[in-house]
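The values are calculated or read from the model by the stated rules, or taken from the named source; none is laboratory data. Here the structure is a predicted model, which is why all the values come from computation and not from measurement. Methodologically, a virtual Cβ is constructed for each residue, glycine included, from the backbone with ideal geometry; neighbour enumeration extends over all protein chains shown.
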């Protein structure tokens with residue numbers, strides 16, 4: 001089943017990441033689980049580029065689901081271009097999407113996926129409305 005990514009999203013971050021030898025499995029291609037690590041690293045770099053730490057304090061942004069559509073096998077060596085986009089901003093949630101391209105073929109998407117992120121009060125383990133200062137950054 002392929003999950004459709006909405007057209008109404010906004011690119012908020014772009015980065016490059018090497019494909020590592022250890023990312024491959026016994027079949028000689030990047031293991032499917034590693035694509036989720038690539039998306040995680042893209043989200044982390046986006047969040048830290050906003051001036052926030054991903055280390056939890058009393059509140060944090062947590063992932064509640066994730067998916068990936070695989071279009072092309074990857075293998076070492078290589079370098080990825082990861083583009084992070086955000087979709088609709090809810091009361092306490094946000095959909096974050098990642099498109100992956102090889103730097104040698106930046107016009108061909110090799111995978112795309114996403115995650116729903118929720119702002120959580122870690123003292124109660126309940127979702128909480130976005131703080132106003134974060135909403136301002138997300139909307140800019």
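A few points about this structure:
- Of the residues 91, 43, the single one that is touching a residue at least 60 places away in the same chain (Cβ under 8 Å) and either assigned to a loop (DSSP other than H, G, I, E, B) or within 29 Å of residue 137 (Cβ to Cβ) (or both) is 43.
- Checked against (1) farther than 28 Å from residue 140 by Cα; (2) in a loop (DSSP other than H, G, I, E, B), residue 54 passes all but a single condition, namely (1).
- Note on region 69-88: residues that are exposed (fewer than 15 other Cβ atoms within 10 Å of the Cβ), at pLDDT 95 or above and either under 15 Å from the mean Cα position of the chain (by Cα) or assigned to a strand (DSSP E or B) (or both) amount to 1.
- Among the residues of region 6-33, those that are under 20 Å from residue 95 (Cα atoms) and either in contact (Cβ under 8 Å) with a residue 12 or more places away in the chain or touching a helix residue (DSSP H, G or I) at 6+ places or on another chain (Cβ under 6 Å) (or both) comprise 6, 8, 9, 10, 11, 12, 13, 14, 15.
- Residue 62 being closer than 21 Å to residue 128 by Cβ and assigned to a strand (DSSP E or B): yes
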